[in-house]
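Trainee: Got a structure for you, questions after.
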Amino acid sequence: MTGFTGIIKPQGITSFDIVRKIKKVFGEKTGHFGTLDPFATGILVIALGRATRLSQFYDKENKVYTAKIRLGIQTDTLDNTGEAIIEKDYSFINKNDVEKVLQKFVGRINQVPPIYSAIKIDGKRAYELARKKIIPDRIPEREVVIENITLLHFELPEITIEVKCFSGTYIRSLARDIAERLGSCGHLTYLNRMNDGFFNYENSASFEEFISDPIKHICKINNIINFPVFNLEDEIIKKIKNGMECKISYEINDDFVFAADKNNDLIFLCKVKEKNILCPEVYLEDNK
């Protein structure tokens, strides 16, 4: 079984828990395309079989979150699972202040990831250091892209926002930085990923719904990764399977294409050179 699905992750379990359970049920190689913290809920994109090889081609742009920020208290984890480490006044903040500050975070911004995260510092995961109470002198900034932030609700000490961003954005860090820009501090009390690329609440399923009827919820690779599909002659397919570059008789104006056989089964993702040379990149033929 090869393809993608969206799983609605409940609160209190890890993204890897979902991956492990699916792999145990179906015996297929399984992975996810974007971690959700244990306290967070929402859409977790799951790849099965040979689709796990295509993470770099999945839509990195269209991620939408709903988040609640509790002003006045910052925790060590930047969410409600951690211990309070800073407390500041927030009573002076008004709705107009928040709306102005939110717009300062739209666009390309530099962001320091949380210490409780999977980034590597000197070869070790940051959360491993944090659990040992080892706090690095400096966590490297990274550039992230935030397309839009909307204030959904204002009722001190909490504000609720909707964030549309690219992959790699830490919403916990965003909450910290927004609170600091407002002159206070803060942490997340709620985080829900509403949308991740193709998948949303309307076309995703709970873990239980998925395992009860996986065929209903599995999406084909080429329905999610939007490269054109070319049905090729058996001779060319054979060469591609053997890892050979193949020249075809017509031009292609795309950087990547799917090579399919006469039965419309995807065989390879190919890179296109000089508009008419197919170079096999990722083997996709499903196990029969």
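Just so it is clear, none of the values below were taken in a lab; they were calculated from the coordinates. As the structure is a prediction and not an experimental result, all values here were calculated from the model. Cβ sites come from the backbone with ideal geometry, for glycine too, and all protein chains shown count toward neighbours.
Trainee: Taking θ as phi - 60°, what are the ³J(HN,Hα) couplings along the stretch 195-206 by the Karplus curve (6.51, -1.76, 1.60), each to the nearest whole Hz, with x for Gly and Pro?
Mentor: Residue by residue, the stretch 195-206 yields 8, 9, x, 5, 8, 8, 5, 6, 10, 10, 9, 6 Hz.
Trainee: Using the Karplus equation 6.51 cos²θ - 1.76 cosθ + 1.60 (θ = phi - 60°), what ³J(HN,Hα) coupling, rounded to whole Hz, does each residue of the stretch 152-162 give in order, writing x for Gly and Pro?
Mentor: In residue order, the calculated couplings are 8, 7, 10, 7, 3, x, 10, 10, 10, 10, 10 Hz.
Trainee: Return the percentage of antiparallel bridges among DSSP beta bridges fully within the stretch 227-283, rounded to the nearest 5 %.
Mentor: Approximately 80 percent, going by the DSSP bridge assignments.
Trainee: For the chain, what is the convex hull volume of the alpha-carbon atoms per residue, in Å³?
Mentor: Residue-normalised Cα hull volume stands at 157 Å³.
Trainee: Which of Lys63/Lys95; Lys164/Lys271; Lys24/Lys241; Lys63/Lys88; Lys29/Lys273; Lys63/Lys104 have a Cα-Cα distance over 28 Å? Each step should come with its number before you reach the end.
Mentor: On the way: Lys63/Lys95 25 Å; Lys164/Lys271 30 Å; Lys24/Lys241 30 Å; Lys63/Lys88 31 Å; Lys29/Lys273 30 Å; Lys63/Lys104 19 Å.
Going by Cα-Cα distance, Lys164/Lys271; Lys24/Lys241; Lys63/Lys88; Lys29/Lys273 fall outside the 28 Å limit.
Trainee: For the pair Asp234 and Asp255, what calculated FRET efficiency results from E = 1/(1 + (r/R0)^6), where r is the Cβ-Cβ distance and R0 = 25 Å, to the nearest 0.05?
Mentor: Approximately 0.50, to the nearest 0.05.
Trainee: Note down the net charge around Pro114, summing +1 for each Lys or Arg and -1 for each Asp or Glu among other residues with Cβ under 10 Å from its Cβ.
Mentor: -1
Trainee: Run the helix sum for the chain: -39,500 (n - 2.57) per DSSP H stretch of 4+ residues, divided by residue count, reported at 222 nm to the nearest 500 deg cm²/dmol.
Mentor: About -5500 deg cm²/dmol.
Trainee: Quick check on the stretch 227-283: take the gyration tensor over C-alpha atoms, sort the square-rooted eigenvalues as a ≥ b ≥ c, and tell me if it's rounded (a/c under 1.5), prolate or oblate.
Mentor: It comes out rounded by the Cα gyration axes.
Trainee: Give the aspartates and glutamates whose C-alpha is closer than 13 Å to that of Lys100, dropping any in the same chain fewer than 8 places away, or say none.
Mentor: Candidates past the 8-residue exclusion: nothing left.
Trainee: I'd like the FRET efficiency for Arg20 and Lys100, computed as 1/(1 + (r/R0)^6) with the beta carbon distance as r and R0 of 30 Å, rounded to 0.05. All intermediate terms of the calculation are to be shown ahead of the outcome.
Mentor: Details: r = 44 Å, r/R0 = 1.47.
The formula returns an efficiency of 0.10 here.
Trainee: Further question on the same structure: How much FRET efficiency would the formula 1/(1 + (r/R0)^6) give for Asn264 and Gln11, where r is the Cβ-Cβ distance and R0 is 25 Å, rounded to 0.05?
Mentor: That gives a FRET efficiency of 0.05.
Trainee: Given the options Phe33, Phe230, Phe207, which has the most mean-square fluctuation in a GNM of the chain, springs set between C-alpha atoms less than 10 angstrom apart?
Mentor: Phe230
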